[in-house]
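Structure first, commentary second.
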Amino acid sequence: MEINQPLQSTKRLKHFPLTPFRIFRGVLCLAVYLSTAFMFLVYFVPPATVLRLFSVHYSRKCVSFLFGLWLGLWPFLFEKINKTRVIFSGDTIPVEERVLLFSNHRTEVDWMYLWNLALRKGCLGYIKYVLKSSLMKLPIFGWGFHILEFIPVERKWEVDELVMHQMLSTFAYRQDPLWLAVFPEGTDYTDQKCIKSQKFAIENGLPVLKNVLLPKTRGFIACLEILRGTLDAGSSFFRIVVTDDLKRVTVYDVTIAYKNQCPSFMDNVFGVDPSEVHMHIKRIPLDEIPLSESKAATWLMDEFVLKDQLLSDFIVNGQFPNQGTEKELSTVKCVANCAIVIAFTVSAVNYFDYNGIEVISSPVECCDL
């Protein structure tokens, strides 16, 4: 069997030129975002931590609300300031507060565009990721990852299995909203990684994919097992949607593609790429996924084969089927959210300065309470 040549990441011109104005605007936005994030962490985390001593549920609701406001700044930057079109297709999904979501990992910023979907469903503050533990050490962002209870992994299953079970089991309470995002490929896509993945597939009799990498099934299956184990114990790990007296838990299969080319973080900041972000969403009831580990692994592999074909069709057609399933964001609401974040920050700083109150200097320490 021959290796399918991966799509070449040719160096195209940026969709928008990097002008002095875009540099100034990007630096200004990044400064505002980082400063407000720091102030939210310093001034709002301590009260939420104290609340956690009495109620984990209400503490999480408080953190989700506050940081949902801050996270809303990013879709505002992407869609309204940078004028990047975010186009949704596939299944029309309802508002659900308990979701397991898995996606392809095309570039380093895929996870940020999932905020655009969560914002439209009013669940932005509930989103959590399984991510590399090294990212938890980033200044400001890493502090936020700890407080938002993101799940760090070392990519060593003997270590990660225990961490995932411990952290996910804390979300057994059905009233705790949760959007858990997993990237089964384990790393972002590159041509070199694709060739390596294809060689492994040939040597092991697996499907040879050209637009995605072979998924690593253990982490995803662990999430499913923990979910089902919690349900068997009589509680709900994910929100159950009642339809015709049948209880169903849903999984979202998200496929992301970009025009003009895959963006980097700084491309997003300066608004030079991408021109469009396309997200195809397939809504899957959890009871449609096989129970056994081996069959679930085969099911996930089959989903990535379909995902690979979907991306091949996107390259030919320039779009996913059945697009236009979500409305555009409201400019008024985005501006209002930005104003609220800035107002919260300024008010908190003035209040604490006026009253001479000292705050905790290391916000990450609060997460251990």
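Against the empirical curve 2.2 N^0.38 Å, the C-alpha radius of gyration of segment 69-145 lands at a ratio of 1.16.
Using a probe of 1.4 Å on the protein chains alone, the accessible area found for Ile226 is around 20 Å².
Using the rule -39500 (n - 2.57) for each DSSP H run of four or more residues, divided by the residues of the chain, the 222 nm mean residue ellipticity is -15000 deg cm²/dmol. Compactness of segment 100-156 is given as radius of gyration and Dmax, 11.7, 35 Å, from Cα positions. Taking a threshold of 31 Å on the Cα-Cα distance, which of the pairs Lys83/Lys121; Lys216/Lys259; Lys83/Lys128; Lys137/Lys282 fall above it? In this structure, Lys137/Lys282 lie more than 31 Å apart at Cα.
Can you figure out the FRET efficiency of Lys156 with Asn350, using R₀ = 56 Å and their beta-carbon distance, to the nearest 0.05? The value I calculate is 0.75.
Of the listed residues Asp91, Asp110, the order by accessible area with a 1.4 Å probe, largest first, is Asp91, Asp110. Put a dot 7 Å past the Cα of Phe65, heading toward its Cβ, do the same for Gln175, and the two dots end up 1.4 nm apart.
Around the amide H of Ile87, modelled in the peptide plane, lie the amide H atoms of Val277, His278, Met279, all under 5 Å away and 5 or more residues distant in sequence or on another chain. Extent of the chain along its three principal axes (Cα atoms, max minus min coordinate, largest first): 71, 57, 42 Å. The 1.4 Å probe gives accessible areas that order Tyr252, Tyr58, Tyr43, largest first, as Tyr58, Tyr43, Tyr252.
Estimated at 0.36 nm per residue, the fully extended path between Lys83 and Ser312 surpasses their Cα-Cα distance by 79.9 nm.
The values are calculated or read from the model by the stated rules, or taken from the named source; none is laboratory data. Given the structure is predicted, the values throughout are model-derived calculations rather than measurements. Cβ coordinates were reconstructed from backbone atoms using ideal geometry, including for glycine residues, and neighbour counts include every protein chain displayed. Areas reflect the complete protein model, heavy atoms only, side chains present, ligands, DNA and RNA absent. Shrake-Rupley method; radii C 1.70, N 1.55, O 1.52, S 1.80 Å.
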